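Undergrad: I'd like to ask you about the structure that follows.
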Amino acid sequence: MKTYTKKYSETTKKILMGIALTGVVTIAATSPYFLLGIAKEIIRQNKKKSFQRLNKQKIKEVEKKTAQTIARLNKNKLVVLNEENGLLKIQLSEKGKKVIKEIEFNNMKINQPNKWDGKWRVIAFDIPRTAPKNSRDYLRHKLKELKFYPLQKSIFAHPYPCEKEIEILCEFYQLWPYVNILLVEKISNDQDLKKHFNL
């Protein structure tokens, strides 16, 4: 299973996410400093309060660093630069989109509602040897990372809605045929479960 995000810095990931949120960044193709122009546009469209508090010199440094990062992204084929009708456009390449998916996957978490509905989400899986290599171990590791409680080696439980997250896991690890999501109202001897989730 090929991964991408481990090779890139947090700054690079933030810029990729900025391009992903914007969709397509466009500037006039006549600009002799087009990378700097693109950097300024990305920063402008994703501006945060922390950036607004910087002085002019610091802002220029951020813009220059962003432009340099964009050049590396283009060299590494994570973004695509195209000129069309006098405009220069930058957007994510297919490889860049894969990096974004993995960033989102790594940042995934299960939201806790204000009140528990009293039901358990039980994830059961039976993964054959023909499945992608190590996918069983990857899935177990990610479920534990998401605070699922292991009832057995291939059965995990969580009290909060997590269907969307499980769908993402199954798609990412190519395991849809082997994973079931059960909505259970009662699990016997659930004291340890409730203690694990502070219920």
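Undergrad: Can you grab the distance from the C-alpha centre of region 96-174 to the C-alpha centre of region 60-77, Å, no decimals?
TA: Measuring centre to centre over Cα atoms gives 34 Å.
Undergrad: Something else now. Which order results if S188, S93, S9 are arranged by neighbouring Cβ count within 10 Å, fewest first? Could the numbers behind the result be given before it?
TA: Values: S188 4, S93 16, S9 10.
Ranking S188, S93, S9 by Cβ neighbours within 10 Å, fewest first, gives S188, S9, S93.
Undergrad: To continue, here is another question. ³J(HN,Hα) across region 76-92 via Karplus (A = 6.51, B = -1.76, C = 1.60, θ = phi - 60°), whole Hz, x for Gly/Pro?
TA: Couplings: 7, 6, 8, 10, 10, 9, 10, 9, 8, 6, x, 10, 9, 10, 10, 8, 5 Hz.
Undergrad: Can you put H141, H158, H196 in order of Cβ neighbours within 10 angstrom, beginning with the fewest?
TA: H141, H196, H158
Undergrad: Could you list L143, L78 in order of exposure, starting from the residue whose Cβ has the fewest other Cβ atoms within 10 Å?
TA: In increasing order of surrounding Cβ atoms, one gets L143, L78.
Undergrad: Whole-Hz ³J(HN,Hα) for each residue in region 156-167, computed from phi via Karplus 6.51 cos²θ - 1.76 cosθ + 1.60 with θ = phi - 60°, x for glycine and proline: what do you get?
TA: 10, 10, 8, x, 10, x, 8, 4, 4, 5, 5, 4
Undergrad: Of the listed pairs K119/K144; K95/K164; K75/K142; K58/K109; K109/K195, which have alpha-carbon separations greater than 29 Å here?
TA: K75/K142; K58/K109
Read-outs throughout are calculated quantities, based only on the coordinates presented, and are distinct from any laboratory measurement. Since the model is a prediction, treat every value here as computed from it, not as a measurement. Positions of Cβ are backbone-derived with ideal geometry, glycine not excepted, and every protein chain shown enters the neighbour counts.
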